[in-house]
Structures are given as structure tokens and as C-alpha cells.
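Novice: Supplied in C-alpha cells, the structure appears directly below.
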Amino acid sequence: MPWNPSDMESYREDMVKDLMDIISIPALSPKNGGEGEGAKADKICEILERYGIEYRRYDTKDEYGVLRPNIVASVGEGDRNLWIVTHMDVVPPGSRELWNHDPFKPIYKDGKIYGRGSEDNGQAIIASIHAARYIAEKSPETKYKMNLAIVADEETGNIYGIKHLAKEGIFSKEDLVIVPDAGTPKGDAIEIAEKSILWLKIVAEGKQVHASMPHLGLNAHRINMEFAINLDKILHEKFADKNELFSPPESTFEPTKHVENVENVNTIPGRDEIYFDCRVLPEHSLDEIISLAKNLADEFSRKTGGKISVETPVKVEAPPPTPPDSEIVRILKQSIKKIRGIEAKPIGIGGGTCAALFRRLGIHTAVWETIDEVAHQPNEYCIVDNMVNDAKVFADIVIL
């Protein structure tokens, strides 16, 4: 049967239902206070079975003893493997007051599906499954074997997800990989490079006392605020270079998480803990940034009489980029042009994806999907048209 992308429109209703079904199952890492991805994986396996897609599970357990599932499905024939890699886990919904509805009770309205994990990464999970469904049901001739890797633990380190699969030896340097975990509203950008990622944990120690007697103590919160403001200013001044491949084109240094110090207002905290999320252009050294932060911490410790320590819970050097003329970029551009009528261009991003691991393994990887970039936000949503059209692109890539 000749390949006709419009045939996949018949899957639209099923895609909506399948996405709403998986959104309704929270899949939070134990590090984020959840119970892992087990229930969500079971639902995804049920969906794969419904559409006649063969799969295998590569489950493991984390340091908490929680099951962390990984699913690998395959359809079609070919001398080369093409992988579409998505992730089941989601980030916490954040303050309930910022949502218009329960984040895990999805709503379908005006062509959009709202809920935590709808865009990140549910849209891509369902789009890739239905691309595989078309191949399983219609049996078109394929130039690549399509493989789906639906993994755990992407939001908190990848140890029990894509890194676990890599240790199982299922990937080859001859493989081609698409990671639909970043994109643009038009679908006109193919990510080929990522910034380095550095998280700084900064702890200030002083002396806790009653707030009415500050002269008897040492306010760790004030010390940490002053330190953070100074560090922020210095980092932005020293590492101000731009690289127009990326958006934004410069390195970013953002103070983000602040850990609760004291429960009551009338106590001066003796300990204060904050974090910076740094997304650094590949041309800059993370070690240089860490050294600068630690030297500044020593200076502040001497000046204030407190103690400031700097730790790096996450330090990920950017891997070599995927060449813009590589096969995976070329065939993805061709299918986007054919299905969507769009000329996609290579870009770099600041977010971290599974693509970084593949690039370190020497496997050319492209990151692409069509999204409004509302991941991690309240009222996150997926545009159903994007999900359906992305599924058509995934299928087109492998069909002769």
C-alpha cells in the first residue's frame, strides 16, 4: 500500500485518548517525592499491545529500591536502526494555585490537551507510538528499522533510564537517533548541540539566634543573598560571549531553588542553602566557573566571619555537536519539508536531553518536535495537531 500521510488522521481520536490516559498517571522520580514510572509504564505497554507493537522491558531499581522501567519497541525492517527516544517521567506540578485544573486530570479543550507531562514528554511518546502503529498495521516497506526507547529518569539524571539502556548494549554507533524533547512552535528547528549544564549548591553557615538580638548571631540568609548577587554579577560579566547557534545565544546563570531555612519569622537562620542553574556555552570551561565560585566563597567567608561552601550536584560538559550535514539531520529535514512544508534549520539549546549521552557515544542525534515550549510550566499543554503531524514525520522518515 502506498504511503499516504493523511491516512494517519484516522488515529487522531486514539492519540487524544492515549495521551490523556498517560497524563493521568503521575510519574515522578522518588527524588521529586514520587513513586517512579511503574504504573505509567504498564499503561504504555498496554497501549503498545493494543496496536500490535512488540516490545521488551529493561527495568531496574534505584537507590530507594523503586522500580524504574524502560521500554524498547521495534517495527519494520532495515539494515540500520533508527531510534526515537522519549521519557515517561515528569517534573512536579508546582503550586496548585497556578493551575486552572488538577495537573493530573487532563482536559481536552480547543485543540489542546492540558496536564503535567502533556508536552514534556507525553506528546512525543504518543506520536512515536502511533508512527510505529502505522508501520505495524500497514506493513509498508521501510528503509530503517524503527525502534522506540521510552525511558525513565530523564528529569533527574538519566541513570536509571537511557544510561541503563546504554549499559545493556542495545545501541550501536551505526544507529540514527531522534530525541523529540525540544522544539519550536513551527517545528522549524533541529537541535544539534547543547550547552554544558552546571548546578551550584551554595551553603552559608552562621549562627542562629532570636531575630530581636541579631548582634548575638550571624545571619546566614543575608550572607547567602549577598554572595548570590555578587556571584550572579561576576558570572554574567566574565562569561558574556555569544554563540548565535543557541537561543539564548549567551551562557545563563540563574539562581533558582532556595531551601527552607527556619520555620518562623522571628528567628535568624544559622544555615542557608540556595542553588544556581547554569547553562554554559561549550567554549567555556565548567572548572573555571567552579573555581571562580569557590574563590569568591572563600573571600566572603573571610569578610563576613561565616562559612560558605560551593558544591556541584550536576556537572555535565557539553558533548561534540551532531554535524549539521549528518544523515540524521538530512533525512529529518527532508521529512519535515515533505510533511509540513517547512525548511528546518540546525540550532543549539540550553536544555539537557538524552541526546547528550548519544553524542558522547559517537552516535549522531537530532532533537526535534513541534511544541509551544510550555514544559515545566503551570497549565502545560500539547497541541493535538502538532502531535498528529509529528507522528506523520516520524513515520515518513523510515518508510520507503
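Novice: Quick check: anything in the range 154-162 in contact (Cβ under 8 Å) with a residue 12 or more places away in the chain, part of a strand (DSSP E or B) and under 30 Å from residue 343 (Cβ atoms)?
Specialist: No, because not a single residue in the range 154-162 is in contact (Cβ under 8 Å) with a residue 12 or more places away in the chain, part of a strand (DSSP E or B) and under 30 Å from residue 343 (Cβ atoms).
Novice: Taking into account only those residues within the range 293-308 that are free of Cβ contacts under 8 Å to residues at least 60 places away in the same chain and closer than 19 Å to residue 238 by Cα, which is surrounded by the most Cβ atoms within 10 Å (Cβ to Cβ)?
Specialist: 294
Novice: Within the range 1-52, how many residues turn out to be of a type in the set (D, E, K, R) and not in a helix (DSSP H, G or I)?
Specialist: Going residue by residue through the range 1-52, those that are of a type in the set (D, E, K, R) are 7, 9, 12-14, 17-18, 21, 31, 35, 37, 40, 42-43, 46, 49-50.
When the remaining residues are screened for being not in a helix (DSSP H, G or I), the result is 35, 37.
Residues that pass the stated criteria total 2.
Novice: Further question: With 52, 65, 76 as the choices, which residue is buried (at least 19 other Cβ atoms within 10 Å of the Cβ) and among the small types (Gly, Ala, Ser)?
Specialist: Working: 52 fails: buried (at least 19 other Cβ atoms within 10 Å of the Cβ); 65 fails: buried (at least 19 other Cβ atoms within 10 Å of the Cβ).
Exactly one residue qualifies, and that residue is 76.
Novice: Looking at the structure I just gave you, is residue 356 modelled with pLDDT of 95 or more, closer than 23 Å to residue 320 by Cβ, in the same structural domain as residue 76 (by TED's automatic domain parsing) and out of contact with any His (no Cβ under 6 Å at 6 or more places or on another chain)?
Specialist: no
Novice: Which residues, counting only those in the range 207-235, are part of a helix (DSSP H, G or I) and loosely packed, with under 12 Cβ neighbours inside 10 Å?
Specialist: Listed by number, the residues that qualify are 215, 216, 229, 233.
Novice: On to the next question. Can you tell me which residues in the range 81-90 are over 16 Å from residue 183 (Cβ atoms) and either surrounded by fewer than 17 Cβ atoms within 10 Å (Cβ to Cβ) or of a type in the set (S, T, N, Q) (or both)?
Specialist: Passing the criteria: only 81.
Novice: So for the range 113-129 (the condition being over 17 Å from residue 383 (Cα atoms) and among the aromatic types (Phe, Trp, Tyr)), does at least one residue qualify?
Specialist: Looking through the range 113-129, none of the residues is over 17 Å from residue 383 (Cα atoms) and among the aromatic types (Phe, Trp, Tyr).
Novice: Working only within the range 1-39, note down all residues that are on the phi > 0 side of the Ramachandran plot and among the polar types (S, T, N, Q).
Specialist: Those that are on the phi > 0 side of the Ramachandran plot and among the polar types (S, T, N, Q): none in the range 1-39.
Novice: Under 8 Å by Cβ, and 6 or more places apart or on different chains, what pairs join a residue from the range 84-105 that is over 12 Å from residue 22 (Cβ atoms) with one that is in a helix (DSSP H, G or I) and among the acidic types (Asp, Glu)?
Specialist: 91/120
Novice: Taking the options 261, 219, name whichever one is touching a strand residue (DSSP E or B) at 6+ places or on another chain (Cβ under 9 Å), over 17 Å from residue 297 (Cα atoms) and touching a residue at least 12 places away in the same chain (Cβ under 8 Å).
Specialist: Testing whether each residue is touching a strand residue (DSSP E or B) at 6+ places or on another chain (Cβ under 9 Å), over 17 Å from residue 297 (Cα atoms) and touching a residue at least 12 places away in the same chain (Cβ under 8 Å) leaves just 261.
Novice: Restricted to the range 282-320, and to residues that are within 30 Å of residue 192 (Cα to Cα) and part of a strand (DSSP E or B), which residue is farthest from the chain's Cα centre (by Cα)?
Specialist: 311
Novice: For the range 60-75, check the following and say yes or no: at least one residue is assigned by TED's automatic domain parsing to the domain that holds residue 136 and more than 24 Å from residue 151 (Cβ to Cβ).
Specialist: Checked against the condition, which is being assigned by TED's automatic domain parsing to the domain that holds residue 136 and more than 24 Å from residue 151 (Cβ to Cβ), the range 60-75 yields no hits at all.
Novice: Out of the residues in the range 321-371 that are in a loop (DSSP other than H, G, I, E, B) and either touching a Cys at 6+ places or on another chain (Cβ under 9 Å) or hydroxyl-bearing (Ser, Thr, Tyr) (or both), which is surrounded by the most Cβ atoms within 10 Å (Cβ to Cβ)? Let's see the steps before the verdict.
Specialist: Taking the range 321-371 first, the residues in a loop (DSSP other than H, G, I, E, B) are 321-326, 341-344, 350-354, 361-364, 368-369, 371.
Imposing the further condition that a residue be either touching a Cys at 6+ places or on another chain (Cβ under 9 Å) or hydroxyl-bearing (Ser, Thr, Tyr) (or both) reduces the set to 322, 326, 353, 371.
Values: 322: 23, 326: 17, 353: 22, 371: 26.
Among them, the one singled out is 371.
Novice: On to the next question. If only one of 186, 167, 143, 138 is without any contact (Cβ under 8 Å) to a residue 60 or more places away in the chain, surrounded by fewer than 16 Cβ atoms within 10 Å (Cβ to Cβ) and out of contact with any helix residue (DSSP H, G or I) (no Cβ under 6 Å at 6 or more places or on another chain), which one is it?
Specialist: When all the criteria are applied, what remains is 167.
Novice: Could you run through the range 108-135 and say how many residues are crowded, with 17+ Cβ neighbours inside 10 Å and either in a helix (DSSP H, G or I) or free of Cβ contacts under 8 Å to residues at least 40 places away in the same chain (or both)?
Specialist: 18
The values are calculated or read from the model by the stated rules, or taken from the named source; none is laboratory data. All figures in this text were calculated on a predicted structure; none of them were measured in a lab. A quick note on method: Cβ atoms are made from the backbone with ideal geometry, for glycine too, and the neighbour counts reach across all protein chains shown.
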